[in-house]
1. GNM, the chain, Cα, under 10 Å: largest mean-square fluctuation among Arg128, Arg157, Arg189?
2. Return P(r) of the chain (all Cα-Cα pairs; 5 Å bins starting at 0; whole %; ordered from short to long distances).
3. For Cys110, Cys83, give me the order by solvent-accessible area with a 1.4 Å probe, most accessible first, ignoring ligands, DNA and RNA.
4. Just to be sure I understand: with springs between alpha-carbon atoms less than 10 Å apart, which residue in Glu12, Glu89, Glu168 has the highest mean-square fluctuation in the Gaussian network model of the chain?
5. If you place +1 on the Cβ of every Lys and Arg, -1 on the Cβ of every Asp and Glu, and leave all else neutral, what size is the dipole of the chain about its Cα centre, to the nearest 20 Debye?
6. Dipole of the chain (Lys/Arg Cβ +1, Asp/Glu Cβ -1, origin at the Cα centre): which of Leu104, Ser150, Leu46 lies farthest to the positive side?
7. Say we join alpha carbon atoms closer than 10 Å with springs in a Gaussian network model of the chain; which of Ile27, Ile180, Ile69 then has the biggest fluctuation?
8. When you have a sec, figure out the Kirkwood radius of the range 26-122 from all distinct Cα pair distances and drop it here in Å to one decimal?
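The values are calculated or read from the model by the stated rules, or taken from the named source; none is laboratory data. As the structure is a computational prediction, the values presented were derived from the model and not from experiment. Methodologically, a virtual Cβ is constructed for each residue, glycine included, from the backbone with ideal geometry; neighbour enumeration extends over all protein chains shown. Ligands, DNA and RNA are excluded from the accessible area calculation, which covers all protein heavy atoms including side chains. Shrake-Rupley method; radii C 1.70, N 1.55, O 1.52, S 1.80 Å.
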Amino acid sequence: APAGWKVISAAEGRQTADGSGNAVLVIEKDDPANRIKNDGLGGPELNTNPRHLLFVTRTRNVGRVTARIENFLPPEGDTDSPCLVDPLEDGGVSLAKGVLTVSLHYWLSCGSYGVTNKAYKFRKEGARYRLIGLDVNSYSRSTGMGDESSINYLTGRKSVTSGVVVMEPEDGPKPAPPKISWSRIGKQRFYLDSMDRKA
């Protein structure tokens, strides 16, 4: 990792016999000044150190950084939402069959029963990584019910499923079957290097 940063996770892509391959690292700045004391709800300390994605191409065990994405990953802690659990704790980054998947898991340890999972799928297009898919599911831990959506940016189609049963109720009437609807969004193009987590 660069000086002043540390690697918190890594994913490797396909390798060849000579040791060539690709990897993506999640790196985090290691600055004590970004660890903020929290006297309210949530943990006693909020780690607001920024996280970046570092893309590495390796040839014969020599790694070369090919891209660094600075604005996409959320930090571990959030001063605006101190009860937010680290989105990468149950999420992460993976590489498979040329597709980079970034999974983020949002839930609060206090103040809300809501849970939201997001899985972004990117494919290399030239020197950039194009968003080709986005899957989102949200549900309430109190009701066990939620909704799902899936967007294919290559075909321009979106599906929305409402009334998804995430946790079966212990008693009461059986939930109605989920409903699925489809729509077209047009073949939009988004690239990882221009996406912001706050957008």
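1. Of Arg128, Arg157, Arg189, the Gaussian network model singles out Arg189 as fluctuating most.
2. 1, 7, 12, 16, 16, 15, 13, 9, 6, 3, 1, 0, 0
3. Details: Cys110 35, Cys83 15 Å².
So the residues, ranked largest to smallest area, are Cys110, Cys83.
4. Glu168
5. On the way: 27 positive and 23 negative charges, 270 e Å.
Rounded to the nearest 20 debye, it is 1300 debye.
6. Ser150
7. Ile180
8. Details: mean 1/r = 0.0666 Å⁻¹.
Value: 15.0 Å, from the Cα pair sum.
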